[in-house]
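Worksheet: one structure, shown below.
Taken together, the values in this text are just the output of simple stated rules run on the coordinates, not laboratory data. What you are looking at is a predicted structure, and each value in this text was computed from that prediction instead of being measured. A quick note on method: Cβ atoms are made from the backbone with ideal geometry, for glycine too, and the neighbour counts reach across all protein chains shown.
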Amino acid sequence: MSRKIDAREVRRRSRGVAVRLRCLVGALLPGIALTAVGVLGAPLGGAGGASGEPSALPAAPADAAAPAAAPPAASPPERPVLRLMRSGGLRVESAALLMSGQQGGAIDLAVLAVPWPAAAGKGRVDVMVEIDGRSLLAAAGPDPAPAPLRCEVAFYALSGQGILDASGADVVEIDLARARPALERTGVRLHEELRLPAGEASLRVLVRLPATRQVGLRVVPLMVPPAPSGAAAAMAGGAGLAGAAGATGASGGPVAEAPPRLLTPLFAGATSSAAADSRPAATWLEARLEGAEPGPGVPPPESAAGAAPPQGTAKATPPQGAANAAPPDTEQPAAFPVLFAGRETLFELPAAGLPSSGSEGIEASVELRPAGGAVLPGGGLAARLLGRRPPPSPHAAPGLELLAIAFTPPGTLAAGAYELQAVVRLLPATPAARAGQRELRSSSLPVLVAAAMLGENALLWPQVVRAPALGGMTAAAAGGAGSGTAGKEAAATPDTAADGSEPSEGNEGKQDAAPRTRLAGFQAAYRAILGDVAAGRESAAHLALGELEAALLRDGALDLSRLAAVEIRTIRTVAAQAPEALVPVLHLYALLYAESRRAARYQLSTHAREMTFGLADLYARESALPAARQLAARLMISFGGELAAAGGPGGFTTKAWRRAAAWDPDGEPALLCLALDAEWRGEYRQALAALRQLLSRHPESAEGRLRLAVNLVRLGQQEEAERELERVARVAAGWPAAVAYQELGRLRIGGGRLAAAEQALQEGLRRLPDDESLAFELALVLERRGRSAEAAAVLARLRAAAPEEESSRHLYTRLPAPLLGRVDGEIKAAIAERLPALAAALAAGQQAGSR
Amino acid sequence: MTGGPRPVPGAAATRRRRPSASRDGPGLATPVPPAPRALPARMAPSVRPFSALPYTRLPVTTFLLALLALLPLGVPPTGAGEPVRLTMILRDEAGAVVGAGRPVFGPVEIEVAVQPAGLRFGRLELYIDGRRAGVLEAPPYRLLVDTGQRNAEHRFEAVAFGGAGEALAAASLRSGRVEADLDVEVRLQHLYLTALRGGLPVAGLGSEDFSIYDQGVLQRVATCDSGDLPFSAALLLDASASMEGGRLRAALAGARAFAAALQRLDEAKLLLFSDRLRLESPFTAVPAVLELGLQGVVAGGGTMLNDALYLAIKRLESRPGRRVVVLLSDGVDVESVLPMSWVRQALRASQVVVYWLRLPTGDPEGARRFTVWRNAEGHRREAEELRAAVLESGGRIEQLGRIEQVESKLAGVAAELRSQYALSFYPSASLGHGRWHDLRVTARGRDLRLRAQSGYLER
């Protein structure tokens, strides 16, 4: 399968984004009903959405090859074993899942994104999706209907700012009667092509079975490199690089002046029929649209041992006329490559802007690190640079080439998930090295290392991960979801321990029965994170906690309530030692909430929010310090500010500030925030009550008195309001004074007392000559009093404001920033004071546990 | 004022030297050498001496006086960080400076002084009444133009461009006219009217086709004009945070297109607002002037729609002829100090026509909108007041489905303004100063649909 998704398509689909986002909130936050029903385009699987039943699909545009699965029938089958069809759009649920970015699900899959330099604004990204057949069968249910199994595959590419840059939706139709044996062995593989602008992006791939609503979702971070300078024009002009490639890197000619760069390492995956012939047990069912461009070809692994030429030999410079041809026996790159300990492996590395031909001037090595861990002892592994060639035409660009590299994972390497990074060192004589760039690193790629004894019949990850040596991990748990974050999440999961638990069938229900070892591992990791907090590494700790929790939720090892229970159990042991240690832990969850909200990880943010509330309650109750409730109130005020920024007034914001006011009834910030929240919701009597309470304790609060007056006007108590406004105008400065004059003016104009209004407004403008609102009001009064020329003169003095200048009335709508800043300062100091208590409580808990 | 032309010292001598020619309107422009009174012996072929101007038969001497000058705009800094300022000076034939607002006739020398002194531009363009009168490539920036003999206001504008063609600074100056016949028109009530058939403008109607009812009483139509009637427009653009994400950019592109469609004698100004006034250009017919200062404008902040509309109305009040506000906003006011009911009163008094290009919102009626300043009912009431004010003014509300429609919708407004009729009548009865008169206009022909203001305040 291969298709281009361009900006027009994105625009067409983006009309549904707002709807999808609303649905996302409804889908992921309990208690909020879904109200939107429409998304763009025809839903996948037709009208079967509500019931989960599949429905008729559009006519199939193309057939897919299924060499290994097709039975050797005498006559051709009526339908192919595998068909790939384009779909008109996404279901609400699918869109919501994609936007959520939460990885997991019952269907196991691996995704590889291979970005190429952007030109003419966009770069090509080849996406390889490999779906584990056995988990797909399990997700289809024990007795799937005799009709072909339909599987939706959807792609969303979001920019670093969260904007949808590209999307796609396809349907794979599988004739289970004939494909089941092949699916049991391996699975289905697709190739997609996206066009993305240069920069960071997040690729999200969703596999969904409409019939059972089972899903698998993977998120892959990627970076689309910019085109080398001077290359963009050539590429934009449609030059396929047939000529340009000959003048660049591989042939040793001058390359563009961009800094040298390594892209994503490409390992072979077994897909072609030729490969299937020689290694029938290790072949994917490949779904491809007819006529689609192939993905980047990679030489098969065995060429490294025998056929690979020595460094710098003729293969580095293809003969004239064959510059863009891949080697004849290339395979599509593997989404989740399998390496064998002690056996040499070949991969190709796209590189741009390298300075010279052959192997002169550069040295290659490979670094392997356990997913989420440090580089293996001994550093990088020596690698051989076998040759250099230009990439085939769809991927070609000036200065871009493929380096063929071979290396051997150590025979002693433990089986498991690793991250691989290729390293190229530029020798000092090269221009780039002279410019200070001596070492280049590729993108990090998740790989799976298997014991060599698995043999020739287990070359693909679905086969390998089921092997006992790897403890039945899923692709996601093994790091196959992509690179970077996914790998770290996997590492944090106790799943990665070879604990001998039964292999996953991709069934979340079964995974709910998490073994004790997992819980023990999780608790240990959780305590380690609290240890980071105690050591003052709060930022790192909240990120680590997010990843740890995400991994558990993703794999279904724990649901939200059980996750909270496990964490609270640990926290209680800490609190029993020292209740003051709760304060930094509470703040950790407040940070996690903010971070999860920003990253749209709603499960995590829900959990973090509830933990923050719960810990605040616990602390206010347990602490023996006289000022504990006041401190808890401060924490709630600050947290309420975060909640307000995220979700506006009402709901949890109100809850936070009400608690703050209850714990610290004399506190000005809590009462002011509570009043503002009530004003925002149109609950003016509630606002008035909070403000009267505030002014009884803090009669000097100008903002409080101003808000009191404004709400008195709203409730028809004009006389008292006018007195309060006059008082504020007299004693306050800055925006509260300006708003007081404005409101005095409004009150008096509304009452027909134009002279009194003018007097107040003139006085206000004398004191605050830059206040536009006062000028507007005064002009209106003067006009009504028949003094048009004076009115015009007042307005003539108005000048456009600078972007950073906010109006006094806009400031009235804001949270009291100075007060909240002071609160945050107090919280910071309180946390710093309590870190030793947390460290001591953790140490005491550790000792108790070991006894 | 007597209204007759007054002799200006030195004018007679000049007049005697000129060839016989007469011009009714502003016309020929001639660059003036550095010293207006000391002509160089040799000049470039395109440069004509002051004395070579076509002779104006009517006395030039009526004129004019002193100067004025400038509206420094945009003022991007020079390399040294000092802002660029243009000052426009008019001189009559005798070399006397003509002040702003004073009448001008016949040949006038325009001088543009530049600060910092000695600064050179890529070019400097001079306009009279929206029509380009000349281009000066190098200092001194002086040009001789013939303003004609019509008793009319003229608008002089200068726009300086950089080497890359970007507008750097501008200045403008407006002359006046001899106030002789203004009293005659004081009681005359004007009415601007759009006639549509099947949604398309109808041309060729005359006064006999219309009936005007003031408080239900049929009035005699005094004048009926149509065609390219000049107008003054204030483009009022919402630049608040709700315009982020490309919406403001699209709105500004629409404003540029609107400005480009201005005809000679039309004028427009741009007002950008959020919770404060963010940008205000002068009235101009030169698109480049409107664009000054737009670079780097970003959406953000709250919304003071009512206050901004009030300001636009007041800025238009002193303009002659048709006055139009084109408002581009979702119509949700948050931070204005003036309620829309007060602004509506000002709109009634001004007889400004408001066109509202209404951007889509998730909650068009404000039924679920709460802000610190207003509850849902308050927002609903404000939206309804705005809607009523627009329709009462004789304008219309154009609902936009997408921001990309701005350009075409603004073009539609411009086209509608071009096809309007200007009717006038002498009200047959007075209700007293400041009282509201209900107006109704009908036309012969059942399938004609008319849109006009629904009343006026008696002055």
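Quick look at the numbers
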{"quantity": "Ordering of A:341-351, A:834-844 by burial proxy (mean other Cβ atoms within 10 Å per residue, highest first)", "calculated": "A:341-351, A:834-844"}
{"quantity": "Nearest-0.05 FRET efficiency for residue A:833 and residue A:180, computed from C-beta distance (R0 51 Å)", "calculated": "0.20"}
{"quantity": "Label point distance in nm, residue A:599-residue B:408, each placed 7 Å from Cα along Cα→Cβ", "calculated": "4.4"}
{"quantity": "Other protein chain Cβ atoms within 10 Å, averaged over every residue that makes up B:271-283", "calculated": "4"}
{"quantity": "Diffusion constant of region B:199-257 at 20 °C, which comes from Stokes-Einstein with the Kirkwood Cα-pair radius and 1.002 mPa s, µm²/s", "calculated": "135"}
{"quantity": "Theoretical gain in end-to-end length, residue B:422 to residue B:123 [0.36 nm per residue, Cα-Cα removed]", "calculated": "103.7 nm"}
{"quantity": "Protection-proxy order for peptides A:642-652, A:756-766, each taking the mean of Cβ atoms within 10 Å per residue, highest first", "calculated": "A:756-766, A:642-652"}
{"quantity": "Alpha-carbon centroids, region A:520-577 and region A:784-851: separation in whole Å", "calculated": "30"}
{"quantity": "Net length gained if the chain between residue A:576 and residue A:561 were fully extended (0.36 nm per residue, minus Cα distance)", "calculated": "3.2 nm"}
{"quantity": "Cα point-scatterer Debye curve for region B:123-254, base-10 log of I(q)/I(0) at q = 0.18, 0.20 Å⁻¹", "calculated": "-1.14, -1.20"}
{"quantity": "Net charge of neighbours whose Cβ lies under 13 Å from the Cβ of residue B:406, counting Lys and Arg as +1 and Asp and Glu as -1", "calculated": "+1"}
{"quantity": "Using a Förster distance of 60 Å, the FRET efficiency for residue A:161-residue B:190 (Cβ separation, nearest 0.05)", "calculated": "0.70"}
{"quantity": "Averaged over B:312-319, number of beta-carbon atoms from partner chains that fall within 10 Å", "calculated": "3"}
{"quantity": "Separation between Cα centres of region B:82-159 and region B:248-291, rounded to whole Å", "calculated": "22"}
{"quantity": "Neighbourhood charge, 12 Å Cβ-Cβ cut-off, centred on residue B:201 and excluding it, Lys, Arg +1 and Asp, Glu -1", "calculated": "+3"}
{"quantity": "Charge sum, other residues only, whose C-beta stays under 14 Å from residue B:438's C-beta, Lys/Arg counted +1 and Asp/Glu -1", "calculated": "0"}
{"quantity": "Cβ neighbours within 10 Å from other chains - mean over B:290-302", "calculated": "2"}
{"quantity": "Calculated FRET value between residue A:733 and residue A:363, using beta carbons and R₀ = 60 Å, to 0.05", "calculated": "0.30"}
{"quantity": "Nitroxide proxy distance, nm - points 7 Å out along Cα→Cβ at residue B:391 and residue A:802", "calculated": "4.5"}
{"quantity": "Mean Cβ neighbour count within 10 Å, used as a protection proxy, ranking A:668-674, B:249-255 highest first", "calculated": "A:668-674, B:249-255"}
